[in-house]
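*Asks:* Right, I'll just put the structure down here and ask away after.
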Amino acid sequence: MRKAAQLRGFGEGGSNLPSRAITLLAFLYALNMADPRKAGNTMWFTNKKTLSAEQATALNDQGWAAFRAQDLDAAQQCFENLAKACPDDPRWMNGVGAVSLARDDRANAHRHFQRAADRDYPGSHYNLGIMAYQDGDHDVARRHFQRAAEHDYPGSHYNLGSMAFQEGDH
């Protein structure tokens with residue numbers, strides 16, 4: 001329980017969601033389609049070979065909702081469905097990375113975060129920064145937080161400031 005909770009900042013969603021995504025999620029929840037804990041509950045479009053931008057966003061958001069509910073299996077399934085339909089979308093890579101990290105599979109987490117960061121996905125730069133910081137590699141952490149900060153990714157500026165303060169650069 002602790003691991004998924006500590007990763008909450010690693011994901012997406014929350015109050016930062018665009019209003020269209022919030023509306024779509026509210027609609028899906030009203031239809032009982034977006035609750036990942038219900039058996040047989042997959043969105044009808046997950047079997048399609050391609051998804052619209054809105055469908056991909058809804059599936060990504062469903063994955064993060066499952067992650068926040070600590071249903072790692074459902075989250076993994078959502079991100080894998082997104083990967084099948086949108087193989088170059090870095091959001092699924094970031095999601096699989098977060099699920100892997102919550103399951104203590106740091107090597108798989110790092111691999112997926114790096115794949116998304118190679119596509120300059122700010123959330124994955126942030127996550128790689130967290131992992132590098134935890135591993136004591138502050139130079140690598142700083143580089144990833146700086147890349148995330150260039151996209152104004154939440155928490156990245158704070159982490160850079162905290163690191164500078166800890167190093168006496170204030």
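Rule-based calculations on the coordinates, nothing more; no lab input. Fair warning: this is a prediction, and the values are worked out from it, not measured in the lab. Heads up, the Cβs are rebuilt from the backbone with ideal geometry, glycines too, and the neighbour counts pull from every protein chain shown.
*Asks:* Under a crude label model (7 Å from the Cα following the beta-carbon direction), how far is Gln146 from Arg103 in nanometres?
*Replies:* 3.5 nm
*Asks:* Let me ask you something else. Once you keep just the Cα pairs under 8 angstrom separated by 6 or more residues, what percentage relative contact order results for the range 101-170? Write down the numbers at each step before the final one.
*Replies:* Numbers: 60 pairs, mean separation 15.1, N = 70.
Computed value for the range 101-170: 22 percent relative contact order.
*Asks:* Ok, one more. Mind running the shape call on the range 82-139? Use the C-alpha gyration tensor, a ≥ b ≥ c as the square roots of the eigenvalues: rounded below 1.5 for a/c, prolate if a/b tops b/c, oblate otherwise.
*Replies:* Values: a/c = 2.87, a/b = 1.55, b/c = 1.86.
Cα axes put the range 82-139 in the oblate bin.
*Asks:* Mind ordering 91-104, 115-128 by average Cβ neighbours within 10 Å, highest first?
*Replies:* Numbers: 91-104: 24.4, 115-128: 21.8.
Top of the packing list down: 91-104, 115-128.
*Asks:* Something else: Give the shape of the range 106-170 as rounded, prolate or oblate, defined through the alpha-carbon gyration tensor: a ≥ b ≥ c are the square roots of its eigenvalues, a/c under 1.5 means rounded, and otherwise the shape is prolate if a/b is larger than b/c and oblate if not. Mind dumping the intermediate values first?
*Replies:* Working: a/c = 2.72, a/b = 1.46, b/c = 1.87.
Note, shape of the range 106-170 comes out oblate.
*Asks:* Also: Whole-Hz ³J(HN,Hα) for each residue in the range 52-58, computed from phi via Karplus 6.51 cos²θ - 1.76 cosθ + 1.60 with θ = phi - 60°, x for glycine and proline: what do you get?
*Replies:* Couplings: 5, 4, 5, 5, 5, 5, 4 Hz.
*Asks:* Treat each spin label as a single point 7 Å out from the Cα along the C-beta direction, and report the Lys84 to Tyr158 distance in nm.
*Replies:* 3.7 nm
*Asks:* Separate question: Which ³J(HN,Hα) values, rounded to whole Hz and listed in residue order, are derived for the range 79-95 from phi using the Karplus coefficients 6.51, -1.76 and 1.60 in 6.51 cos²θ - 1.76 cosθ + 1.60 with θ = phi - 60°, glycine and proline given as x?
*Replies:* 5, 5, 5, 5, 4, 4, 7, 9, x, 9, 6, x, 5, 5, 5, 5, x
*Asks:* Ranked highest first by average number of other Cβ atoms within 10 Å, how do 78-89, 136-147 line up?
*Replies:* On the way: 78-89: 19.2, 136-147: 16.8.
Order by mean packing, descending: 78-89, 136-147.
*Asks:* How long are the three semi-axes of the equivalent ellipsoid of the range 62-170, in whole Å, if each is the root of 5 times an eigenvalue of the C-alpha gyration tensor, listed from largest down?
*Replies:* Numbers: eigenvalues 137, 38, 28 Å².
Square roots of five times the eigenvalues give 26, 14, 12 Å.
*Asks:* Whole-Hz Karplus ³J(HN,Hα) for the range 134-148, in order, using 6.51 cos²θ - 1.76 cosθ + 1.60 and θ = phi - 60°, x for Gly and Pro?
*Replies:* With the stated coefficients, the range 134-148 comes to 4, 7, x, 9, 6, 5, 5, 4, 4, 4, 5, 5, 5, 4, 5 Hz.
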